[in-house]
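Inspection log for the structure reproduced underneath, given as structure tokens.
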Amino acid sequence: MTKPVTELIHHPYLPPAGFHAPQPGVYKASTVIFPNVAAMRARDWKHKNGYTYGLHGTPTTFLLEERIAALEHGEQCVLVPSGLAAIANVDLALLHAGDELLLPDNVYGPSKALANGELKNWGITHQLYDPMKPADLEARIGPKTKLVWVEAPGSVTMEFPPLGELARVCKAKGVLCALDNTWGAGLAFDGFAAGADIVAQALTKYPSGGGDVLMGSIVTRDQELHEQLKLTHMRLGWGVAGNDAEAVLRSLPSLDVRYRAQDRAARELARWLRGRVEVAQVLHPALSGSPGYENWKALCGIDGLAAGLFSVVFDGRFQAAQVDAFCDRLKLFKLGYSWGGPISLVVPYDIPAMRTAQLGTWTQPGILVRFSVGLEAVEDLRADLEQALEALRGKS
């Protein structure tokens, strides 16, 4: 007879099968138990026909991968610890010493930092191209170019590129095209239909929706490409926690509702800000006159979706310190990075330090501030902006 302490670990009871509930079960494991040696040797983690080790998947992470693949209109998905990890996994899987990477000039900042840091140190070069000019991309693709990243819209400055044209240039040149679809969240447009070979997303943002999870995804349609990405995923030791996967799974059913609500509120505030004398320009892909508006309309449709994110360029008479004070004065908009959660956020940016060219984004100089609209009442958010703007104007 075994001792009680042993029975606490090896008790034979198993709950009956057949339990179903609105939310899936959460499986957390590093070690996976095999019934016998034959099963241990036979299981293949690469094709999800069984479980081998926590890093290679559990029922919880497999379920999330399948749902994200469906969301992005893809076939296969791998999960990584962050959106930046998704970008890094793609780069490291597809690039080798002597290869070249092309990035849009308005790319997500840490992606550029990765290219300037680790990729450069490993003998991988990169160029920046103008995402609003497919001819510029075409001219820069050379024999060493192996991967092109596209992003719609551009980070912070919100230019919406002619995504289909950029993808067609890549296809004609025989170069893989990877899309950062975090803004679109799989809802605003179909990245694969637009021509991307790989669609990555920071699940940290809209799919999570709570501002409390870090996670990324990489979705493909091509099995060979998927296996290449997954082998790098395995060798890097990427893994996501069961409770984090649970949090995203719980949020996915409300993704469409949240995305549309934040989109509506952001457009209302962006239109209102257009009429303020303190503001020189509003950058929002779904507002006519914003850089790439026609591209957004062509891809997403005139009644299409456009997320809850926009930027404003303040009138040139306001100095950086004054705009910083405006941000500090906001009460409901909190200072913080990321977006897609329930709390509205604001961040001022030094755009000249982030870009090699202005890409024609704004028509006059001024300090840029990005807003992420949460789930607060839009009337309250407008009142918060108004009181901060009035204080800004009073000090000009």
Would you mention how many residues in region 319-360 are outside any helix (DSSP H, G or I) and not small (Gly, Ala, Ser)? 21
Got at least one residue in region 111-121 being in contact (Cβ under 8 Å) with a residue 24 or more places away in the chain, out of contact with any Phe, Trp or Tyr (no Cβ under 9 Å at 6 or more places or on another chain), assigned to a loop (DSSP other than H, G, I, E, B) and not basic (Lys, Arg)? no
Which one of these does VAL78 not meet: (1) of a type in the set (Val, Ile, Thr); (2) over 26 Å from TYR206 (Cα atoms); (3) in contact (Cβ under 8 Å) with a residue 12 or more places away in the chain? (2)
Out of ALA286, ALA306, sole residue that is among the small types (Gly, Ala, Ser), without any contact (Cβ under 8 Å) to a residue 40 or more places away in the chain and buried (at least 17 other Cβ atoms within 10 Å of the Cβ): ALA286
Under the condition of being outside any helix (DSSP H, G or I), buried (at least 20 other Cβ atoms within 10 Å of the Cβ) and among the small types (Gly, Ala, Ser), which residue from region 45-87 is farthest from the chain's Cα centre (by Cα)? GLY57
Counted residues, region 123-161 - those being farther than 27 Å from VAL347 by Cβ and in a loop (DSSP other than H, G, I, E, B): 7
Let me spell it out: the conditions are (1) farther than 26 Å from VAL156 by Cβ; (2) basic (Lys, Arg); (3) not assigned by TED's automatic domain parsing to the domain that holds HIS47, and LYS171 meets all of them except one. Which number is the exception? (3)
Consider THR31 against the criteria (1) of a type outside the set (Gly, Ala, Ser); (2) within 24 Å of ARG235 (Cα to Cα); (3) exposed (fewer than 15 other Cβ atoms within 10 Å of the Cβ); (4) in contact with a Leu (Cβ under 9 Å, 6 or more places away or on another chain): it satisfies all of them except one. Which criterion is unmet? (4)
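The values are calculated or read from the model by the stated rules, or taken from the named source; none is laboratory data. For clarity, every value in this text was computed on a predicted model and none was experimentally measured. Backbone-built Cβ (ideal geometry, glycine too); neighbour counts: all protein chains shown.
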